[in-house]
Each structure stands twice: as structure tokens, then as C-alpha cells.
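Peer 1: Quick one: structure below, then a few questions.
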Amino acid sequence: MMTTADEVVGQPPSSSRLKAFLRLVMIEHSVFALPFAYIAALTAMFQLDKNIHWGRLLLVTICMVGLRTFAMAANRIIDREIDARNPRTAGRELVTGAVSVKSAWTGAIVAVVIFLGSAALLNPLCLALAPLAVVPMVVYPYGKRFTNFPHAILGIAQAIGPIGAWLAITGEWSWDAVILGLAVGIWIGGFDLIFACQDVAADRAEGVKSVPARFGIAAALYGARGAHVVTTALLAWYAYATDAGFFFWLGLMIVAAAFAYEHAIVTPKDLSRLNRAFFTVNGFIGIALFVCALLDLLVRGLTV
């Protein structure tokens, strides 16, 4: 029977290591950011010539996934010692050894090279700004060491997506994209406040900084509610600024209802449904608004 080189030295096959790396970076969570990048890109295409440019849309996808993969890998590498001391995160791949630090850095470097290469294929402005987009991705995991508001750094990092997607299509700055980017950043910063509530005890024990650890769970949840009210207002501003039609406004009403549900099921005294609020509801928000935005653009004349 033939054996692979990996098996000879007692290491798992390459396919298993790849699967472990993809679990490490939680590749499926791209669903949070990609829909809003697509909304920005497709709106820019509609304003440009009302045609979908599939090649550029593919490059936007590669950029988004590449940068997010780098960010998650860097986050896990930088936080691996903190993760090892937190019962919730002690099973992560870098802690258990399912992924080595060397393999994680290799994956992160490959991902950022893919991101930069795809940006270069889009236009000179995207290439020039691409290195700047990497900075908050690295700063964020360190944020919890020096500020009680690392969620704001995460929001800044996530706001880059829609702005970059618009630049990818037009090669020009757009304040409409900035509005959408701010909406996304505040939205994600808000639900990160909710997510951080489950780690209050561990964070306080380790000196990890966050709003829930410093100000309490109730304050964090009120902050998240405020953030999502602002998100809804910014999405309405974006709809007005881009002359959105019925279906986008319908999507916005769905988003508002989802926010209301999210905050109804998580309370300071009951965090048992936190994962449903974080993963299920927020994943639904992105997909629902994208579908409605796409329908709106198609009805208004966007050509496939």
C-alpha cells in the first residue's frame, strides 16, 4: 500500500491541514461582509453603465475573502495564548495543535498576497490603498490589550469592504459608499458588543479589555442597540442617497425587524440565545438586504 510523505512523518494529510486552517479562519463567516460589498459593487455598476461586470465582481470576491482570511488568521495567531486560557476558545485549532503557528502564518501570507494581487488587477487606486486596508486587520487583535473599545477598531476594519468594493468598480471615491461602509462598520461593531458579553468573566480574569468587561453586560447590550439604531438610519440615508426603490426599502424594514428580534432574545440576565443572535440573525440580515438590494437594482434596469 502506498503512503504519502505526510503519513510517513506522522503528520495529517494536506487536505486535513487545509480543512483545519479553514476552520481556524471560519471561512463561512464571509457571509457577514460579502453581501454589503456586493451591494456597493452592484450599485456602482448600476450608476456606471447598468451592466454587471462579472470579472470585476469576481475580483471583489477574491479581495474580500483574501483580506478576511488574513485578518482571521492573524487574529488567531496573535490571540492564541489568550485563547488557551479561555474555556470557550480553548478548543481553537492553534491552541489544540490542529494547525501550527507556521501553517497559520503561511496561510495568512498567501491570503494577503492574493488580496494584494487581486487589488492590483482592479485599478491603480485599489492597489495604492490596499496596504492601508491591511493595517486595522492587524491592529484589531491588539486592541483588546490597550483600549476598552476594540469593537470600534473591528468596525473600522469592516467598513473598508463596501468602500473598497465601490472603488473596485469605478476607481473613484464615493461618499455613498462611505455611508454604506459606516453602516456596516457600526452594525458589526454593535454585534461584536453582544458577542463579547459571553467572555466577561474570562476577560476580567486575564485583563482583556472590552466594553462588557469594563462597563458590564447591560451597558454593552444598550450600546449594541444604539449601534443598530444608527445602522438602520445610515442604511436609510444610503437608500435615499442612491435613489433606491421599493425592494431596498422593503429589505431595510426586514433588517429593522431582525434587529428588534436580535435584541429581544438577548438580555443581561439571559445570554443563552447569544449564538443565535450573533450567527443566525446577523447572517440573515446581510443576505436579506443583499437579495432585496439586488432585486431593486434589477427592477430599476441593472442588466445581468
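Nothing in this text is a laboratory measurement; each read-out follows from the coordinates by a stated rule. This structure is a prediction, so every number in the text was calculated from the model and none was measured. Because the Cβ atoms are built from the backbone with ideal geometry, glycine has one as well, and the counts that use them run over all protein chains shown.
Peer 1: Using 0.36 nm times the number of residues separating Ala264 and Leu22, minus their current alpha carbon distance, what extension gain do you get?
Peer 2: Details: separation 242, 0.36 × 242 = 87.12 nm, distance 3.24 nm.
Answer, rounded to one decimal: 83.9 nm.
Peer 1: Which residues in the range 14-46 have a backbone N closer than 20 Å to a point placed 7 Å from the Cα of Ala84 along the Cα-to-Cβ line?
Peer 2: Inside the label zone: 21, 24-25.
Peer 1: Another one. Measuring from a point 7 Å past the Cα of Ala218 along Cα-to-C-beta, which residues in the range 254-282 have an amide N at less than 14 Å?
Peer 2: The answer is 267-270, whose backbone nitrogens lie closer than 14 Å to the label point.
Peer 1: Please give the peptides 248-254, 182-188 ranked by average Cβ packing (other Cβ atoms within 10 Å per residue), highest first, as a rough proxy for protection. Could the numbers behind the result be given before it?
Peer 2: Details: 248-254: 18.1, 182-188: 25.1.
Per-residue Cβ counts within 10 Å, averaged per peptide and sorted highest first, yield 182-188, 248-254.
Peer 1: Here is a further query. What's the local net charge at Ala218, with K and R +1, D and E -1, over the other residues with C-beta under 14 Å away? Mind dumping the intermediate values first?
Peer 2: Working: positive: Arg214, Arg225, Lys269; negative: Asp270.
Around Ala218, the charge tally is +2.
Peer 1: Can you give the relative contact order of the chain as a percent, counting alpha carbon pairs under 8 Å and 6+ residues apart?
Peer 2: On the way: 421 pairs, mean separation 61.6, N = 304.
Reported as a whole number, the value is 20 percent.
Peer 1: Does the range 84-127 come out rounded, prolate or oblate by the C-alpha gyration tensor, with a ≥ b ≥ c the root eigenvalues, rounded set by a/c under 1.5 and, if not, prolate when a/b is larger than b/c and oblate if not? Intermediate results must be reported in sequence, preceding the final value.
Peer 2: Values: a/c = 5.83, a/b = 2.89, b/c = 2.01.
Prolate is the answer for the range 84-127, as a/c is 1.5 or above and a/b outweighs b/c.
Peer 1: As an exercise, take the mean of 1/r over every pair of distinct alpha carbons in the range 128-259, invert it, and state the Kirkwood radius in angstroms.
Peer 2: On the way: mean 1/r = 0.0633 Å⁻¹.
Averaging 1/r across every pair of different Cα atoms and inverting gives 15.8 Å.
Peer 1: Along each of the three principal axes of the Cα atoms of the chain, give the extent in whole Å, ordering the values from largest to smallest.
Peer 2: Largest first, the chain extends 58, 53, 37 Å along its Cα principal axes.
Peer 1: Please identify the helices of the chain, taking whole runs of DSSP H, that span at least 24 Å along their own axis as judged from the Cα atoms and have a mean Kyte-Doolittle score of 1.0 or higher. Before the final figure, lay out each step's value.
Peer 2: Details: long enough: 54-78 (36 Å, 1.26); 101-122 (32 Å, 1.87); 124-143 (30 Å, 1.62); 150-170 (32 Å, 1.26); 175-196 (31 Å, 1.75); 217-241 (36 Å, 1.03); 246-265 (29 Å, 1.68); 282-299 (26 Å, 2.24).
Span-like helices, by this rule, are 54-78, 101-122, 124-143, 150-170, 175-196, 217-241, 246-265, 282-299.
Peer 1: If you don't mind, there's one more thing I want to ask. Relative contact order for the range 96-231: what is it in percent, counting Cα pairs under 8 Å that are at least 6 residues apart? Working shown, then result.
Peer 2: Details: 153 pairs, mean separation 29.3, N = 136.
RCO, the range 96-231: 22 percent.
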